[in-house]
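K.L.:
What follows is a single structure, and I will ask about it in a moment.
Rule-based calculations on the coordinates, nothing more; no lab input. Just so we're clear, the structure is a prediction, and the values are computed from it rather than from any experiment. Every residue, glycine among them, receives a Cβ derived from its backbone with ideal geometry; neighbour counts consider all protein chains shown.
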Amino acid sequence: MSVLTPQFALEKREQLIRDGFCVIPGILQGSLLERWRAFSDEWLDRTPVDQKYRYQGSDFHISSERRFRSKRMTHPETDPWSPLVDELVDLPAAAEVCELMGFEGREADDTVLILSKPAHGPALYWHQDFMEWNHPKACTPWPTRIFLSYYTVDTTRENGCLRAIPGSHLKRLPLHDLLPAAHGPEIQAATDDHPAFLDHPDAVDLPVKAGDLVINDARLLHAAYPNSTDTRRTLLLQWHSLFPYPNVPSWWKGPVPEAYYDYDPKAVYEPSRIPGKYLADFNS
Ligand SMILES: O=C(O)CCC(=O)C(=O)O
Ligand SMILES: [Fe+2]
């Protein structure tokens, strides 16, 4: 059964391009949502979290069985894997959304990240998760790296829902220059009076129902409220790459930035989490 109409999918795609995020209701449902809730609760109950992850709540990477069997895991003896990951990565309703939204050349990382926020856990700092700011692909008006998120419980301001700054994936804000690299030692060691925890006038809340699909551009500035309730708030997150360089989406009607074709085959584009010249100034 179709989960969304082509027209609705196009509206969601426009929002993803304009704002850097969109929400598709009711994608993870029924038994798979229940089994993930049980698996993640059991995992979190028995696995201690290093205190450096206190702002993220946890950062567990679970591989798929497919990845394990094809010997693509770095430490297959010790690193976790589960067939539940294959089920979530291959979820037909999500694949249909991606198809209708025109995500060409899509490749999923074969892992699910469990990012939990424990009862009474702190806020998550403002950050963006893009890691290729040195590469000309960083300037595209379309997303080339996205994360698909499902929360296993309904989220609200009280239990630590996501927040985002619409458009911050394409425009440099003064806040960008105050932020250390996401999830690196500097921000992990910071106290919560760091500017990365300040409120922002353009921020919007993204409360969702359990199992809604939240799609975010990796370049989007986002954060989360503290969890002031007695119940854990868990997020299952998957990374996907789209439109491999130097592709342009077949449906793209707007101009392609000249900088997109800057690519020098002799250059080495070191990974970087810090936006450079490819993030347009907010005045431009
Ligand atoms: O906890 C959340 O809602 C967002 C988590 C996140 O963005 C991250 O850990 O990079
Ligand atoms: Fe993030």
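K.L.:
Put one equal scatterer on each alpha carbon of segment 40-104, apply the Debye formula with no solvent term, and list log10 I(q)/I(0) at q = 0.15 1/Å to two decimals.
P.N.:
Per q value, in the given order, log10 I(q)/I(0) is -0.67.
K.L.:
Where the Cα atoms of the chain are projected onto their three principal axes, how long is each span, largest first, in whole Å?
P.N.:
Principal axes ranked by extent give 51, 47, 39 Å for the Cα atoms.
K.L.:
Something else about it: Rank Val248, Cys22, Thr74 by how far each Cα sits towards the positive end of the charge dipole of the chain (+1 on Lys, Arg Cβ; -1 on Asp, Glu Cβ) and give me just the farthest.
P.N.:
The residue sitting farthest along the positive end of the dipole is Val248.
K.L.:
Just the Cα atoms of segment 58-215: what Rg and Dmax do they give in Å?
P.N.:
Cα-based Rg and Dmax for segment 58-215 come out at 17.3, 48 Å.
K.L.:
Could you tell me the relative contact order of segment 24-176? Use alpha-carbon pairs under 8 Å, at least six residues apart, and round to a whole percent.
P.N.:
Once normalised by length, the contact order is 27 percent.
K.L.:
Which value, in debye to the nearest 20, gives the size of the charge dipole of segment 20-281 about its Cα centre, when Lys and Arg are +1 and Asp and Glu are -1 at the Cβ?
P.N.:
Dipole about the Cα centre, nearest 20: 200 debye.
K.L.:
Still on this structure, please answer the following. How long is the gain from Ala267 to Glu11 if the chain were fully straight, where each residue apart is worth 0.36 nm and the alpha carbon distance is subtracted?
P.N.:
Length difference between fully extended and current span is 88.4 nm.
K.L.:
Test of understanding: express the Cα radius of gyration of segment 175-284 as a ratio to 2.2 N^0.38 Å, with N the residue count.
P.N.:
Normalised by 2.2 N^0.38 Å, the Cα Rg of segment 175-284 equals 1.36.
K.L.:
Which ³J(HN,Hα) values, rounded to whole Hz and listed in residue order, are derived for segment 150-165 from phi using the Karplus coefficients 6.51, -1.76 and 1.60 in 6.51 cos²θ - 1.76 cosθ + 1.60 with θ = phi - 60°, glycine and proline given as x?
P.N.:
Going residue by residue, I get 10, 8, 7, 10, 4, 10, 9, 4, 5, 9, x, 5, 5, 10, 8, 10 Hz, with x marking Gly and Pro.
K.L.:
Right, here's the next one. For Cys161, which sequence-distant residues (separation of 5 or more, or a different chain) have an amide H within less than 5 Å of its own amide H, given hydrogens modelled in the peptide plane?
P.N.:
It is Thr156, Tyr225, by chain and number.
K.L.:
Note the full-extension length gain between His61 and Trp251 as 0.36 nm times their separation in residues minus their Cα-Cα distance, in nm to one decimal.
P.N.:
65.0 nm
K.L.:
How large is ³J(HN,Hα), in whole Hz, for each residue of segment 231-248 in order, when computed from phi with the Karplus curve 6.51 cos²θ - 1.76 cosθ + 1.60 and θ = phi - 60°, using x for Gly and Pro?
P.N.:
Coupling constants for segment 231-248: 10, 5, 10, 10, 10, 10, 10, 10, 9, 9, 9, 9, 6, x, 4, x, 5, 10 Hz.
K.L.:
Apply the Karplus curve 6.51 cos²θ - 1.76 cosθ + 1.60, θ = phi - 60°, to the phi angles in segment 124-134 and return the couplings in whole Hz, x for Gly and Pro.
P.N.:
9, 5, 4, 6, 10, 10, 5, 10, 10, 5, 7
K.L.:
Provide the percentage of antiparallel DSSP beta bridges, counting only those with both residues in the chain; round to the nearest 5.
P.N.:
Roughly 85 percent of the beta bridges in the chain run antiparallel, per DSSP.
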